[in-house]
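The values are calculated or read from the model by the stated rules, or taken from the named source; none is laboratory data. Every value quoted in this text rests on a predicted model; they were computed, and no experiment measured them. Positions of Cβ are generated from backbone atoms using ideal geometry, with glycine treated the same way; all protein chains shown enter the neighbour counts. When the accessible area is computed, the model is the full protein with side chains, heavy atoms only, and any ligands, DNA or RNA have been set aside. Shrake-Rupley method; radii C 1.70, N 1.55, O 1.52, S 1.80 Å.
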Amino acid sequence: MATSIHLNFGDIVFSSAVERITVQTAAPAVDISLYILDGTGGENPVFSETYYPYSGTVALHDFASVIEAEMVQWAQPLATFRLSAKAADGTSDTRTFAVLYCDRHTDFQPGAIVGEQFLTSRRIITASRDIPLPLFYIRPPMEYIDRELIVYHIITRRADTHALRIIFAPEGYTGYGKGYQLGMLTIHHADLRDKCAKYYNAAPYEILGVTVEIGRRSVTIYYSDRRPDLRLWFANMFNCPELAELHGDTTAKTKVKRSEAVCADTLRLYDQSVEQQFEFQADALSADTAHWLTQLFTSRDVRIIDRPYNDEDYLNESFPSVLITDSTSEVQDGDDELNKIKFTYRHASTRPDSRLRRIDRIHQDTFKNPFS
């Protein structure tokens, strides 16, 4: 009997759905190896072990944890793996498959996410104007003629007449190719203004929001003038960076621990340690937003935005890491009570936060002397 690998999925699978992989062989031993492809033709080893079949079968369980750990390490929402089985009798088999990271159970097949949704569970996003938002998506295998159109429906309002206008702004097409490919759009408020400028000439206007569409994928972003009390970048259920802009109250708790000793009739302190944590109580949230925030509580990478944004801070690489140490989420689908979200976070650094911040300008407009 030749050595063969049997998978319980097709050419693309959610990481959470990689449950059982079996290898059948007549040999007394088989070497099983897993490699991650780097996109340039090379591959890096992830896992390698020798197994001794029972009744001609090797069953691999909980392989999802191995795959997800590798994808988290490289911050990859989409990765291609190659599984190899080489038996002692010289027979072998290999399988190559794509994995879309998803740390939650879902009844959907990967095709429903790939073709109809961005890599976020949100359909409506409320955002500030000063930070660009990344939108990730998966481009399936397609030919040149099947490329998907990228479209912005920009919701604008004229400042003097308050007339609403939706501006249709196409942005070209997605790529094409044989394999699955990760794509990303960056939604920047300043770029949207550039797209709308020619429709208003010199008339004052503001952008209220935008609906972004790629094929059947769609998400709507509404811009808010209300400044958030807490901003956190975190890796969502698809291992993609998402921005949580929250309103609520933060309580800082600082505990200082010391040991005491008496030396030469003088009391001294030593072994000082400082433990600082922050409790955040969110304001009223919709049920959809409250459900989405549960991804924040289980995220493996959370970073706090502790300073004004600049272009060098794109995404989350330069912001300090924080740990969500405790969380409470009470979400109900009725109208009698408000949804409650409360969590505690600590900085990964053991040194307490200085709370120093740059002072914003009191007056944003340049002073003009009317008598000059």
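For residue 94 and residue 202, a Förster radius of 51 Å and the Cβ-Cβ distance give a FRET efficiency of 0.20, rounded to the nearest 0.05. What translational diffusion coefficient, in µm²/s and rounded to a whole number, does the Stokes-Einstein relation yield for segment 228-304 at 20 °C and a viscosity of 1.002 mPa s, taking the hydrodynamic radius as the Kirkwood radius over Cα pairs? Answer from the Stokes-Einstein relation: 138 µm²/s. Rounded to two decimals, the Cα radius of gyration of the chain over 2.2 N^0.38 Å is 1.26. Close amide H contacts of residue 205 (hydrogens built in the peptide plane, cut-off under 5 Å, sequence separation of 5 or more or a different chain): 159. Taking the Cα centre of segment 207-359 as origin and assigning +1 to Lys and Arg Cβ atoms and -1 to Asp and Glu Cβ atoms, the resulting dipole is close to 620 debye.
Take the chain with all the other protein chains still there, run a 1.4 Å probe, and you get 58 Å² of accessible area per residue.
Surface composition of segment 138-263: carbon plus sulfur atoms contribute 49% of the solvent-accessible area (1.4 Å probe, protein chains only, all chains present).
Pair-distance distribution P(r) for segment 238-349, from all Cα-Cα distances in 5 Å bins starting at 0: 2, 9, 16, 17, 16, 12, 8, 6, 5, 4, 3, 1, 0, 0 percent.
What number in nm² do you get for segment 1-132 if you take the convex hull of its Cα atoms and divide its surface by four? Before the final figure, lay out the partial values.
Working: hull surface 40.7 nm².
Quarter of the Cα hull surface area: 10.2 nm².
Counting only residues at least eight positions apart within a chain, or on another chain, the lysines with an alpha carbon under 23 Å from that of residue 253 are 340, 342.
Beta bridges from DSSP with both residues in the chain: antiparallel share about 95 percent, rounded to the nearest 5. For residue 162, the solvent-accessible surface computed with a 1.4 Å probe is close to 120 Å², ligands and nucleic acids excluded. Here the chain is assigned +1 on the Cβ of each Lys and Arg and -1 on the Cβ of each Asp and Glu. Its dipole about the Cα centre then comes out at about 980 debye.
Surface calculation, 1.4 Å probe, protein heavy atoms: residue 146 sits at approximately 80 Å² accessible. For the peptides 323-336, 230-243, the ranking by packing is 230-243, 323-336, with the highest mean count of neighbouring Cβ atoms within 10 Å listed first.
At an R0 of 51 angstrom, the distance between the Cβ atoms of residue 272 and residue 338 translates into a FRET efficiency of 0.80. In the chain, Cα pairs under 8 Å separated by at least six residues give a relative contact order of 12 percent.
What the Kirkwood sum gives for segment 120-237 is a hydrodynamic radius of 15.8 Å, with every pair of different alpha carbons counted. In the assembled protein chains, residue 66 presents an accessible area of approximately 40 Å² (probe radius 1.4 Å).
Over 23 Å, how big is the tail of the calculated P(r) for segment 86-184, in percent of all Cα pairs? Intermediate results must be reported in sequence, preceding the final value.
Working: 2403 of 4851 pairs.
Tail of the P(r) past 23 Å holds 50 percent of the pairs.
What separates the Cα centres of segment 318-353 and segment 162-193 is a distance of 32 Å.
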